[in-house]
1. Give the shape of the stretch 177-239 as rounded, prolate or oblate, defined through the alpha-carbon gyration tensor: a ≥ b ≥ c are the square roots of its eigenvalues, a/c under 1.5 means rounded, and otherwise the shape is prolate if a/b is larger than b/c and oblate if not.
2. Return the Cα extents of the stretch 181-324 along principal axes one, two and three, sorted largest first, each rounded to a whole Å.
3. Indicate the gyration tensor shape class of the stretch 68-161 (rounded, prolate or oblate), computed on the Cα atoms with a ≥ b ≥ c the square roots of the eigenvalues: a/c under 1.5 is rounded; otherwise a/b larger than b/c is prolate and the rest oblate.
4. Could you grab the Rg to Rh ratio for the chain? Cα atoms only, Kirkwood for Rh.
5. Once label points are set 7 Å from the Cα along Cα→Cβ at both Asn258 and Ile273, what is their separation, rounded to one decimal in nm?
6. State the Cα centre-to-centre distance between the stretch 43-117 and the stretch 284-324 in whole Å.
7. Take Lys231, Lys169, Lys323, Lys174 and order them by how many other Cβ atoms sit within 10 Å, fewest up front.
8. Sketch the reach of a paramagnetic label on Ala26 as a point 7 Å from Cα along Cα-to-Cβ, and name the residues of the stretch 290-324 whose backbone nitrogen lies under 19 Å away.
Amino acid sequence: MNGEKVLVTGCNGFIGSHLTLQLINAGYQVVGLDILPLTEAQNVQSLNTNGHFDYIVGDVTDKALVDSVIDASFSKVFHLAARVGIERYMENPIDVVRTNVVGTLNVLEAAIRHNCYLFFSSTSEVYGKNPNVPWAEDDDRVLGSTSFERWSYSSSKSAAEHAVRGAFKQQNLKGCIVRFFNIYGPGQSEAFVVSRNILLAAKGHPLVMHNTGSQTRCFTFIDDAVAACIKLVQDANTNGEVYNVGNNTEHTVLQVLNTIIEISGKPLTIETIQTSDNFGDAFEDIMRRVPLTSKIYKAIGWEATTSLHEGLSKTYQWAINQKG
Ligand SMILES: NC(=O)c1ccc[n+]([C@@H]2O[C@H](COP(=O)([O-])OP(=O)(O)OC[C@H]3O[C@@H](n4cnc5c(N)ncnc54)[C@H](O)[C@@H]3O)[C@@H](O)[C@H]2O)c1
């Protein structure tokens, strides 16, 4: 704080942009790095006139660029840049692996060289299809064959976690890793179940549900997730650790869609599509994804406090103000 300079990679992303804003509000000087030119970086464009924010266009897989950006003036690096979303990892696993592995190695090596604290954003996808929920941080990864592209994201984040954990242990790098669980809220791209359906509801269109809607997720409102990230990096006890960041209340996708309909006040219907129609039979949906959150609660007293209804209502308010 007090003008402490930090870097946020993927700063224009959904989580990155909310984190950037809250870091500025908390008194940090933020440099944001994202692959998008500022003219397309709609989530942070308005911050560009803020004296506590600078924007750099760059690709984290470009080692020379990363080396030129990261130096000892940064106390912390929040590494969020990644290729995210089912469509991306089904269609372009090379890009997913390159960004999540090569990009993370570039950022990690520069952080080691300049002794910058590293916050690495991983994912609940690393647990794969482990049926034994809730998942504790040291629980097994249960993944399918590499013949199925859907595991490229999980595998790439797991490989990156190994590298980051290695640096914590062997190079005395300071930092922590979080595994986010289904974060949602204003500003999320429409590729995800909540954002897609909230945007559809705002336009008065039918909602779309994959399969039976009986899959459960622990939907976590963005403000809760960002509060966890900032608390984690401010507490030295979290150093070298991995934490689940998720709400521990489980909801089915159908419950979420019905809540969106109720909030919209419109007589909306739900259309069903089969995941196999989009991604083939090889796509395995994960039926339950539930974090154990006792570790983060013990460490920093954090737990998600925004109810599904409250978070969806705030997201709906954002959606009805969107053009198009
Ligand atoms: N949203 C979630 O529910 C969720 C869940 C688990 C993990 N995560 C992790 O959190 C992080 C942020 O996710 P998000 O939901 O904000 O995703 P996002 O797609 O909204 O943001 C990612 C950002 O990274 C940027 N980016 C992509 N490739 C880049 C590159 N090569 N160089 C520089 N920038 C690049 C994109 O332009 C984008 O702005 C990611 O690391 C993701 O894996 C998110």
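1. Values: a/c = 4.28, a/b = 2.19, b/c = 1.95.
It is prolate, given that a/c is not under 1.5 and a/b is the larger ratio.
2. Its Cα atoms span 48, 38, 22 Å along the three principal axes.
3. Numbers: a/c = 2.93, a/b = 1.62, b/c = 1.81.
Verdict is oblate for the stretch 68-161.
4. Numbers: Rg = 19.1 Å, Rh = 20.1 Å.
A ratio of 0.95.
5. Each label point lies 7 Å from its Cα, and together they span 2.4 nm.
6. 24 Å
7. Lys323, Lys169, Lys231, Lys174
8. Answer for the stretch 290-324: 295-306.
Every number in this text was worked out from the coordinates using simple rules, so none of it is lab data. Here the structure is a predicted model, which is why all the values come from computation and not from measurement. Backbone-built Cβ (ideal geometry, glycine too); neighbour counts: all protein chains shown.
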